[in-house]
Amino acid sequence: MNTLEIIHKENYSIVRMKRGKVNAINHEMVRELSIVFEEMEEASSIKGVILTGQPHYFSAGLDLIELIRYNEEEINDFFRAFGELYDQLLRFPKPFISAITGHSPAGGCVLAITSDNRYMAEGEKYRIGLNEVAVNIQISQGLIDAYAFWLGEGLANRYILEGKLLLGPEALAAGLVDDLVPLNEVLEIAENKMKQYLKADPEIWLATKKKLRKHWLEKTSIERGSLKEAAKLWWKPEIREKMEAYVKSFSNKKNTSK
Amino acid sequence: MNTLEIIHKENYSIVRMKRGKVNAINHEMVRELSIVFEEMEEASSIKGVILTGQPHYFSAGLDLIELIRYNEEEINDFFRAFGELYDQLLRFPKPFISAITGHSPAGGCVLAITSDNRYMAEGEKYRIGLNEVAVNIQISQGLIDAYAFWLGEGLANRYILEGKLLLGPEALAAGLVDDLVPLNEVLEIAENKMKQYLKADPEIWLATKKKLRKHWLEKTSIERGSLKEAAKLWWKPEIREKMEAYVKSFSNKKNTSK
Amino acid sequence: MNTLEIIHKENYSIVRMKRGKVNAINHEMVRELSIVFEEMEEASSIKGVILTGQPHYFSAGLDLIELIRYNEEEINDFFRAFGELYDQLLRFPKPFISAITGHSPAGGCVLAITSDNRYMAEGEKYRIGLNEVAVNIQISQGLIDAYAFWLGEGLANRYILEGKLLLGPEALAAGLVDDLVPLNEVLEIAENKMKQYLKADPEIWLATKKKLRKHWLEKTSIERGSLKEAAKLWWKPEIREKMEAYVKSFSNKKNTSK
C-alpha cells in the first residue's frame with residue numbers, strides 16, 4: 001500500500017490515508033482503498049473500521065493536479081472507480097467511523113459521508129463539504145442524496161447550490177459531523193465510539209444499519225449515466241479553463257498555507 | 001402588466017409584485033406571473049430571476065376578498081391556474097431567488113417556497129407560512145411536500161397542522177428562509193446571491209438544481225384531484241361562513257395595521 | 001380496563017395508562033389500548049384523544065420482566081399485537097396528542113411517536129428514545145421510518161445506532177418532542193393544543209393529517225417479516241443472556257430510584 005497505512009487493533013482496524021501532506025485522491029489511492037475495505041469486509045476478525053488522515057488534512061479531495069493530466073480513458077476509468085468505491089463504502093457491512101483530522105472538501109467529504117459517524121478536528125480553519133459547483137465539477141445524484149440524508153433536503157439544497165465549504169461549527173450545526181473535538185483526540189474519540197458499537201450484538205447492529213440505510217440505498221445506484229456526464233463535462237473548454245485556474249490558485253495557496 | 005413591474009439587470013431580471021399595498025393574489029396576477037416566468041425561461045439573455053414585493057408585504061396570499069365573489073367556474077379556473085403556476089415555478093430552469101420584503105402568508109409563501117433561496121426582511125412583525133388549516137382552505141399534497149423539503153417532515157407536520165404563521169426568527173430556525181436582513185437590503189442581498197450563482201458554469205449549475213429537486217418533483221404533480229377537492233371544500237357552508245368571518249376580520253385589521 | 005383509565009371531556013377523551021408506577025407494556029395493555037382506540041375512532045362524539053401516563057413515567061417500555069417468561073407462541077403473539085397497535089395508532093383518524101409525564105424509553109417512545117404532538121415533562125432526569133440496539137432488541141423498519149420522520153434521517157441514524165435515550169432538552173432539539181413543560185402542566189398544555197385543533201374544520205384537518213403522513217404510511221407496513229425476525233432474535237442465546245442481565249440490573253435500579 002503506497003497511499004494507506006493500516007493499524008490493526010484488538011477487533012477493529014484503522015485505515016490512515018498517507019499520500020503526501022494533503023491526501024489528494026488519485027486513481028492509485030482509490031484502488032487501494034477499495035482493496036483494503038474489501039479485505040476488511042471479509043476478515044471475520046475485523047469487526048469495524050476507522051478511516052482517518054494526516055494532521056490538518058483528512059483529504060483535500062480529488063488530486064486535480066494529477067487528474068488534469070489524465071487522458072479521456074483515464075478520466076473515465078477514474079470516475080468509474082471512484083463511484084464504485086463510494087458505493088462499496090456506503091454498503092460496508094460493519095461499523096465504519098471517520099476521524100476527520102482536518103480539511104475535507106469535495107472528494108474528502110465524499111469518503112466521509114459514507115461512514116456511520118464523523119468526528120472532526122475542531123479549529124476555525126478546517127473546512128468540509130461538497131463544493132463541486134464552486135469548482136465546476138458535476139455532482140452526482142448519489143452525492144446529493146447522501147448530503148440530503150445527513151443534512152436534510154433543505155440545507156443540502158442550499159449548500160450544494162452555492163458549492164459551500166463548511167467550517168466545523170457550521171458542519172456540526174448542519175448535522176454533517178457528529179462532534180468537534182481537539183485534533184489530537186479525534187482518533188481516540190472515534191475509537192471509543194467503535195468500542196461502544198462493538199458491545200452491541202453484531203447481528204442486531206448490522207441489521208439496524210441496513211434498515212437505517214434502506215431507503216437511501218434504494219434511491220442510490222452507481223449511476224454510470226451520471227458518471228459519464230461528469231466525465232463529459234470534464235472536457236468542456238470553459239470548465240477546463242476554470243479548473244486550470246483553480247488548480248493554479250490552489251497550488252499557490254498550498255505554498256502560503258501550512 | 002397590471003400587477004407586476006419588471007426590472008432588467010445586466011444578465012438577470014427582477015419581478016416586483018405591485019398589486020396594491022399587500023399584493024393579494026387574484027387570477028390576473030397568477031396569469032401575469034405565469035406569462036412573465038415563461039418569457040424569462042425562454043429569453044437566453046436572462047440568466048436568473050428574483051421575485052420581490054412591496055415594503056412590508058411580499059404577498060398577503062390569495063385575495064380572499066375578490067375570490068369570495070368568484071362563481072364555481074371561476075374558482076375552479078383560479079385554483080387550476082394557481083396550481084399550474086406553482087408547478088411552473090417549481091421547475092423554473094434558472095436561478096430563482098425570493099426577496100421577501102415583509103408578510104408572506106399562505107399564497108405568498110406558496111410562491112416563495114418554489115425558489116432556490118429566500119431572504120426575508122427582518123423585523124418582529126413579518127410572518128410567513130402555510131396557514132391554510134387556520135383559514136379553512138384545503139392544502140394540497142404538493143405544498144406539504146414542499147414544506148417537508150425545506151423544513152423536514154417533522155416540523156412541516158407540526159406547523160401545517162396548526163396553520164402556523166412563523167415570525168422571521170422562527171422561519172430562519174426552521175429553514176423556511178435562508179437569512180433575515182434589513183428590509184432596505186433584502187433585494188440587494190438577493191442580487192448578490194444571484195451574481196454568485198451566475199459565476200458558476202450554467203450547465204453544471206442547472207443540472208445540479210435538477211438533481212437536488214429530482215425526488216421532490218417525482219413526488220409532486222399538479223394533482224387535479226387535490227385541486228378539485230380544494231374547490232369543493234370551498235363551497236362547504238361551515239367553511240364559507242368561517243372564511244367570510246375571516247375576510248371581515250382581515251379587512252378590519254388592515255385598517256388598523258399599516 | 002385493568003391497565004387504562006379513560007376520562008371523557010366535552011368533545012375529546014384522555015387515555016391514562018395506569019399499570020403500576022412505570023406503565024410497563026404487557027400483552028394485556030396492548031390489547032386494551034387497541035380496543036380503546038378503536039372505540040374512540042368510531043365514537044362520533046369523541047373528536048380527539050390524548051394519551052398520558054403516571055407521574056415520572058409515561059411508559060417504561062415493554063415489560064421485559066413479564067415478556068421474558070412468555071413462551072415462543074406468546075412472544076410471537078405479543079410482537080404481532082404490538083405491531084398492529086402501532087399501525088392502528090399511526091393511522092388514527094383524529095387529533096392524537098401525547099402528554100409525556102416522564103420516562104418514555106423504547107416501547108413508551110413507540111407509542112408516543114405515532115401521535116401528532118408530544119409534550120414532555122421537563123426535568124433533567126426524564127429520558128425518551130428508541131434504545132432498542134442498546135438492549136438487544138431488533139428494531140423494525142417501521143420504527144426507523146417514524147424516527148426519521150420526526151428527527152430527520154441523519155439524527156435518526158446516529159441515535160438509533162447507539163441506542164440513545166435522550167434527555168428532554170436533547171429530545172426537544174432533535175424534534176422528538178414539541179415542547180418541555182412542567183410535569184403538573186403537561187396534560188393541560190396537551191388539552192389546550194387539542195382545543196386549538198378542534199376549532200378547525202374537522203374534514204379539512206383530517207385530510208391534512210392524511211396528506212402529511214402519506215409518504216410515511218406508504219413506506220411503512222406492519223412488516224410481519226420484520227416481526228418474525230424480532231421474535232427469532234429474541235431466542236438467540238447471547239441476546240437472551242444480555243437481556244436477562246439487563247432485566248436484573250433494571251429490577252435492581254428500580255429499587256434504588258423512585
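The values are calculated or read from the model by the stated rules, or taken from the named source; none is laboratory data. Everything numeric in this text was worked out from a predicted model, so none of it was measured. Here the Cβ positions follow ideal geometry from the backbone for every residue, glycine too, while neighbour counts run over all protein chains shown. Quick note on the areas: whole protein, heavy atoms, side chains included, nothing else; ligands and nucleic acids left out. Shrake-Rupley method; radii C 1.70, N 1.55, O 1.52, S 1.80 Å.
Worth a mention:
- Phi to ³J(HN,Hα) by Karplus 6.51 cos²θ - 1.76 cosθ + 1.60 over segment A:175-189, Hz, x for Gly, Pro: x, 6, 10, 7, 6, 10, 9, x, 3, 7, 10, 5, 5, 4, 5
- Think of the protein assembly as shown as a dipole: +1 on every Lys or Arg Cβ, -1 on every Asp or Glu Cβ, centred on the Cα centre; then among A:Leu33, A:Pro169, C:Gly20, A:Pro169 lies furthest on the positive end.
- Most to least accessible of C:Glu132, C:Glu229 (protein chains only, probe 1.4 Å): C:Glu229, C:Glu132
- The loop-placed trypsin sites (Lys or Arg not before Pro) in segment A:112-160, going by DSSP, that have at most 14 neighbouring Cβ atoms within 10 Å of their Cβ come out as A:Lys125.
- Counting Cβ atoms of other protein chains within 10 Å of each residue's Cβ and taking the mean over peptide C:209-220 gives 4.
- Threshold 50 Å² - residues in segment B:117-152 whose accessible area is reduced by that much or more when the chain is no longer isolated, probe 1.4 Å: B:Val133, B:Gln138, B:Gln141, B:Ile144, B:Phe149
- Gaussian network model of chain B, Cα within-10 Å springs - most flexible of B:Lys18, B:Lys232, B:Lys248: B:Lys248
- Buried accessible area, chains B and C (both chains, 1.4 Å probe, Å² to nearest 100): 2200
- Loop-located GluC sites (Glu not before Pro) across segment A:10-73 with a Cβ neighbour count of 12 or fewer within 10 Å are A:Glu10, with loop assigned by DSSP.
- Once the Cα-Cα distance is subtracted from the 0.36 nm per residue extended length, the C:Tyr246 to C:Lys125 segment shows a gain of 41.6 nm.
- Surface composition of the protein assembly as shown: carbon plus sulfur atoms contribute 51% of the solvent-accessible area (1.4 Å probe, protein chains only, all chains present).
- Built amide H within the under 5 Å cut-off of B:Ile50, gap 5+: B:Ser13, B:Ile14, B:Val15, B:Ile97
- The alpha-carbon of B:Lys94 sits under 17 angstrom from the alpha-carbons of these aspartates and glutamates, leaving out residues fewer than 8 places away in its chain: A:Glu162, B:Glu10, B:Glu38, B:Glu39, B:Glu41, B:Glu42, B:Asp116, B:Glu191, B:Asp201, B:Glu203.
- Mean-square fluctuations from a GNM of chain B, with a 10 angstrom spring cutoff on Cα atoms, peak among B:Thr208, B:Thr114, B:Thr220 at B:Thr208.
- Chain B: relative contact order as a whole-number percent, Cα under 8 Å and 6+ apart: 18
- Estimated from helical segments only, the mean residue ellipticity of chain B at 222 nm is -16000 deg cm²/dmol, where each DSSP H run of four or more residues counts as -39500 (n - 2.57).
- Minimum Cβ-to-axis distance in chain C for the rotation onto chain A, with residue, whole Å: C:Gly152, 3
- Reduction of at least 50 Å² in accessible surface, 1.4 Å probe, comparing all protein chains with the chain by itself, residues of segment A:181-204: A:Asp201, A:Glu203, A:Ile204
- A 1.4 Å probe run over the protein chains yields, for chain A, 40 Å² of accessible area per residue, whole-number rounding.
- If a spin label sat at a point 7 angstrom from the Cα of A:Ile46 along the line to its beta carbon, the backbone N atoms of segment A:95-125 nearer than 15 Å would be those of A:95-98.
- Pairs from the list A:Lys211/C:Lys210; A:Lys248/B:Lys199; B:Lys125/B:Lys214 with a Cα-Cα gap above 27 Å: B:Lys125/B:Lys214.
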